[in-house]
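See below for the structure under consideration.
Rule-based calculations on the coordinates, nothing more; no lab input. Because the structure is predicted, anything quoted here is derived from the model rather than measured. Reconstructed Cβ throughout: ideal geometry from the backbone, glycine too, with neighbour counts over all protein chains shown.
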Amino acid sequence: MDSIRIDKYLWAVRIYKTRSEATEACNGNKVRIGGAPAKPGKAVKVGDMLEVHKGPALLPYKVLQLSSARMGAQLVPDFLEDLTPESERAKFHAPKETIVLRREKGTGRPTKKDRRNLDALMEMLD
């Protein structure tokens with residue numbers, strides 16, 4: 001085997017949980033092969049450089065071997081070299097600011113004025 005579909009490969013090396021997720025990522029321009037956007041049917045070969053946008057990070061990989069069967073996590077390093085810098089990995093663990101607004105029990109639903117005030121507060125924080 002000298003090439004395989006990119007969506008099948010991404011699923012096999014456990015970058016995406018399902019093949020349909022890999023297909024959606026390819027269709028959404030979140031996967032690149034050699035810097036060019038990759039559609040789900042694009043062939044990937046040994047030595048290709050992949051870039052995957054997952055969440056806030058850009059994850060670069062190098063294809064070492066091809067496989068069409070899903071494998072255990074321990075075997076993935078034999079098939080795929082992860083070139084992700086530590087700065088990109090840190091984006092997954094970045095603290096998320098959360099705001100908890102509390103209303104007194106028994107005050108009912110917010111009025112239109114309360115809602116406008118809440119919206120204005122949220123806009124100031126963005």
At 7 Å along the Cα-to-beta-carbon direction for both L75 and D119, put a label point, then send me their distance in nm to one decimal.
5.4
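What longest region of the chain stays clear of GluC sites (Glu not before Pro) that DSSP places outside H, G, I, E and B and that have at most 12 other Cβ atoms within 10 Å? All intermediate terms of the calculation are to be shown ahead of the outcome.
Details: sites that count: E97, E104.
That gives 1-96 as the longest site-free run.
Mind ranking 35-43, 7-15 by how tightly packed they are, going by the mean number of other C-beta atoms within 10 angstrom, highest first? Write out the running numbers ahead of the final one.
Numbers: 35-43: 14.3, 7-15: 22.0.
For the peptides 35-43, 7-15, the packing ranking is 7-15, 35-43.
Write down Rg/Rh for the chain, rounded to two decimals, with Rg from the C-alpha atoms and Rh from the Kirkwood relation over Cα pairs.
Working: Rg = 21.3 Å, Rh = 17.3 Å.
Here Rg/Rh amounts to 1.23.
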Does anyone have the angle between helix 112-125 and the longest principal axis of the chain? Alpha-carbon axes, 0 to 90°, nearest 10?
50
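Around T23, under 10 Å between beta carbons, what's the net of Lys plus Arg minus Asp minus Glu among the other residues? All intermediate terms of the calculation are to be shown ahead of the outcome.
Values: positive: R5, K8, R19, K39; negative: D7, E21, E24.
Counting the neighbours of T23, the net charge comes to +1.
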